[in-house]
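Before any comments, here is the structure.
The values are calculated or read from the model by the stated rules, or taken from the named source; none is laboratory data. Fair warning: this is a prediction, and the values are worked out from it, not measured in the lab. Note that we place each Cβ from the backbone using ideal geometry, even for glycine, and neighbour counts take in every protein chain shown.
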Amino acid sequence: MGSPKIPMVRAQSESPTKNLMDNLLGLLRLRVKRGINLAVRDVISSDPYVVVRMGKQRLKTRVIRKDINPEWNEDLTLSVSDPNHPIFLTVYDHDTFSMDDKMGDAEFDIKPFIDALKMHPDGLPNGTIITKIQPGRSNCLAEESAVVWKDGKVMQDICLRLKNVECGEVEVQLQWIDLPGAKGL
């Protein structure tokens, strides 16, 4: 008579959080700065807010009342596991008694920003331009956008021209956040 067989139980180290961290490259802080000359959707103005989507993530800013040139200066943080996913930005007009009206949308690719990060620009003089992205058919840039080494960080200011609307632009700023335990770039 031998000892009873005890079933092997795997340790709980294979948690969903660990798997998420294995695929996570880091965090992208997207500062939604302001809207410029946004479309009027109410009688004389609009109550705009911005929704940002990347993959399955969806974040939004607060509503600014009666302003077609709103200043949000709001930070939204996205987790990045695949830099090939574009970021979709949609501006809406908040309505109390009906569906919110769409005020335009834009999309942009973070790949050039990620490529600049991979150059490891540490030690460059403050304000050094790492790369420039030109406006074109494949992006919604209203003007040239520079990826810059500033205050020990890689940053990119972007002015997006909204499409599917008569007018409007949105200014955003990108900044990378390394996350301890993440896969990294």
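For Asp100, which of the numbered conditions (1) under 16 Å from the mean Cα position of the chain (by Cα); (2) modelled with pLDDT of 90 or more fails to hold?
It fails just one condition, (1).
Is there any pair linking a residue in the range 59-72 that is aliphatic (A, V, I, L, M) to one that is outside any loop (DSSP other than H, G, I, E, B), with Cβ under 6 Å and at least six apart or on different chains, and which?
Note: pairs meeting the criteria are Leu59/Val52; Leu59/Leu76; Val63/Tyr49; Ile64/Pro48.
Mind checking which residues of the range 112-130 are part of a strand (DSSP E or B) and surrounded by 15 or more Cβ atoms within 10 Å (Cβ to Cβ)?
Result: Ile130, single match.
Just to be sure I understand, how many residues within the range 47-72 are farther than 11 Å from Tyr92 by Cβ, assigned to a loop (DSSP other than H, G, I, E, B) and either under 11 Å from the mean Cα position of the chain (by Cα) or not acidic (Asp, Glu) (or both)?
9
So, in the range 42-64, exactly how many residues are out of contact with any Leu (no Cβ under 9 Å at 6 or more places or on another chain), of a type in the set (D, E, K, R) and either closer than 12 Å to Gly168 by Cα or at pLDDT 95 or above (or both)?
Qualifying residue count for the region: 2.
Kindly provide the set of residues from the range 25-58 that are surrounded by fewer than 18 Cβ atoms within 10 Å (Cβ to Cβ) and more than 18 Å from Glu107 (Cα to Cα), ordered by number.
Scanning the range 25-58 gives Leu27, Asn37, Val40, Asp42, Val43, Ile44, Ser45.
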